[in-house]
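Student: Before I ask anything, let me first share the structure, which is written out below as structure tokens.
The values are calculated or read from the model by the stated rules, or taken from the named source; none is laboratory data. What you see is a predicted model, and the numbers here were worked out from it, not measured in a lab. Cβ placement follows ideal geometry from the backbone for every residue including glycine, while neighbour counts extend to all protein chains displayed. Remember, those area values only see protein heavy atoms, side chains included, never the ligands or the DNA or RNA. Shrake-Rupley method; radii C 1.70, N 1.55, O 1.52, S 1.80 Å.
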Amino acid sequence: MTTELPDVNVARVFEDSALPALVTPRDPGTDLVAWAAANNEAVRDLVLSAGGVLFRGFEGTADVEVFRKFCASFPHPLLDYTEQSSPRDPLGDQVYTSTTYPADQYIPFHNANSFGHEFPLNIWFSCIRTATKGGRTPIADTRRVLAALSDDTREQFESKGILYVRNYYDGMGVPWQETFDTDSREEAEKFMRDGRIAFRWHSEGPLILETRQVRHAILEHPKTGDKVWFNQGHLFHKASLDERIRPLTRQFNDWQLPRNAFFGDGTPIPDETVQEIFDAYTEAELSFDWQAGDYLMLDNLLTSHARTPFEGSQRLISVAFSEMFTDYEPQFAKYGVASLTA
């Protein structure tokens, strides 16, 4: 990699991949927050070029407040984590823990809020404390993932989009209050109307709320023009359900599961198509061990991320988001709006 930036070295983590670019200080005492503020535009250009940048070897960076200041040194303010599909704990001032699923579970590749009508263009990770064993955050170039899919699969998703189905049951999955970050049904309804999310409340039984939303599977990056595989269809799909909870879901049909995904026209996505998507991610996967103090800055459209199982309760990866993409009207026009009928 020939990119040059003042006072740092720019190299590759992987010999055969520009993702992620590795930035290390020539002087370990370099203040990363001040350096980033002075080289803001160049860093953002490097992220767009490589898909992501790993900052390593800077002193004093294994600290949540330093991480927040680093993220806040870029022009766009940090964002709240909204329309949640997985749990995170707040660490203050728009910084969150990584997904708080049990340590023994693998979290498949995904892009933050790619099922939403708005989503962040930037996502940052920081390693505050490493796990005793495991706990990597694999990444994958979404352009490579898209290229690895068959022509038929790409055409199906390009033409139909994806229908996401969510059913909020009492005591099962992420509560609707956490998803919409409110206890007010009126505020949740406003969010859903603004996002063209069809919804229905239930007053009896364990089912509280059901929602449906049609979204893209493939998007054009607003800055680079690249076509990217940007969705969570494979993750929502029933084929990706953890084997340990499948017995609990046998009481539901495909439309009643806590979450599921269909093609945008409501037709089923075959299990073998979901497997093809997982295989494409595996082919594109890049994985490295965290070091305490590492910061990883990703373009949320160009690069997906995952999580491997880990051991040790001390692991802490903090996350922040910025620069919300909201120009979604062309996608609504292309795929239409979901509906809920009796």
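Student: Mind checking which residues of segment 266-275 are touching a strand residue (DSSP E or B) at 6+ places or on another chain (Cβ under 8 Å) and either open to solvent by less than 50 Å² (accessible area, probe 1.4 Å) or modelled with pLDDT under 95 (or both)? Please lay out each step first, then the result.
Tutor: Pass one, segment 266-275, residues touching a strand residue (DSSP E or B) at 6+ places or on another chain (Cβ under 8 Å): 266, 268-269.
The answer is G266, I269.
Student: I need the full set of residues from segment 197-220 which are in contact with a helix residue (DSSP H, G or I) (Cβ under 6 Å, 6 or more places away or on another chain) and polar (S, T, N, Q), in order please.
Tutor: Listed by number, the list is empty, since nothing qualifies.
Student: Same structure again: Considering each residue of segment 97-109, count those that are in a strand (DSSP E or B) and modelled with pLDDT of 85 or more, and give that number.
Tutor: 3
Student: Please list, ordered by first then second residue, the pairs with beta carbon atoms under 7 Å, 6 or more apart or interchain, first in segment 1-24 and without any contact (Cβ under 8 Å) to a residue 40 or more places away in the chain and of a type in the set (S, T, Y), second part of a strand (DSSP E or B) and open to solvent by 50 Å² or more (accessible area, probe 1.4 Å).
Tutor: Listed pairs, sorted by first residue: T24/N9.
Student: Looking only at residues that are at negative phi, open to solvent by 50 Å² or more (accessible area, probe 1.4 Å) and charged (D, E, K, R) in segment 188-225, which one is nearest to the chain's Cα centre (by Cα)?
Tutor: E220
Student: Can you tell me which residue within segment 200-257, out of those that are of a type in the set (S, T, Y) and at pLDDT below 95, is farthest from Q177 (Cα to Cα)? Quick ask: steps written out before the conclusion?
Tutor: Here is the first cut: in segment 200-257, the residues of a type in the set (S, T, Y) are 203, 211, 224, 240, 249.
Next cut, at pLDDT below 95 only: 203, 240, 249.
Working: S203: 16, S240: 25, T249: 22 Å.
Step by step, filter segment 200-257, then rank; the result is S240.
Student: Also, I was wondering about something else. Need the failing condition index for K334 against (1) in contact (Cβ under 8 Å) with a residue 24 or more places away in the chain; (2) within 17 Å of Y164 (Cβ to Cβ); (3) open to solvent by less than 30 Å² (accessible area, probe 1.4 Å), just the number.
Tutor: Answer for K334: the failing condition is (3).
Student: Next question, about the same structure. Within segment 6-19, how many residues turn out to be modelled with pLDDT of 95 or more and over 28 Å from the mean Cα position of the chain (by Cα)?
Tutor: 3
Student: Same structure again: Only residues in segment 155-183 that are within 30 Å of P330 (Cβ to Cβ) count as the first member; pair them with residues that are among the small types (G, A, S) and open to solvent by 50 Å² or more (accessible area, probe 1.4 Å), Cβ under 9 angstrom, at least 6 apart or cross-chain, and list the lot.
Tutor: R166/G173; N167/G173
Student: Tell me which of these P247 doesn't satisfy, since it passes every other one: (1) touching a residue at least 40 places away in the same chain (Cβ under 8 Å); (2) not in a loop (DSSP other than H, G, I, E, B); (3) not polar (S, T, N, Q).
Tutor: So P247 meets the others, but not (1).
Student: Still on this model: In the list A37, A42, A21, A72, which residue meets the criterion of being closer than 27 Å to F119 by Cα and open to solvent by less than 10 Å² (accessible area, probe 1.4 Å)?
Tutor: Values: A37 fails: open to solvent by less than 10 Å² (accessible area, probe 1.4 Å); A42 fails: open to solvent by less than 10 Å² (accessible area, probe 1.4 Å); A72 fails: open to solvent by less than 10 Å² (accessible area, probe 1.4 Å).
Among A37, A42, A21, A72, only A21 is closer than 27 Å to F119 by Cα and open to solvent by less than 10 Å² (accessible area, probe 1.4 Å).
Student: Related question: Considering each of S313, S287, S339 in turn, give the residue that is open to solvent by 10 Å² or more (accessible area, probe 1.4 Å) and at pLDDT 95 or above.
Tutor: None of the others qualify; the one that does is S287.
Student: Within segment 159-187, can you find the residues that are crowded, with 21+ Cβ neighbours inside 10 Å and basic (K, R)?
Tutor: Within segment 159-187, just R166 meets the criteria.
Student: Using the structure shown, decide if Q156 is open to solvent by 30 Å² or more (accessible area, probe 1.4 Å) and at pLDDT below 95.
Tutor: The answer is no for Q156.
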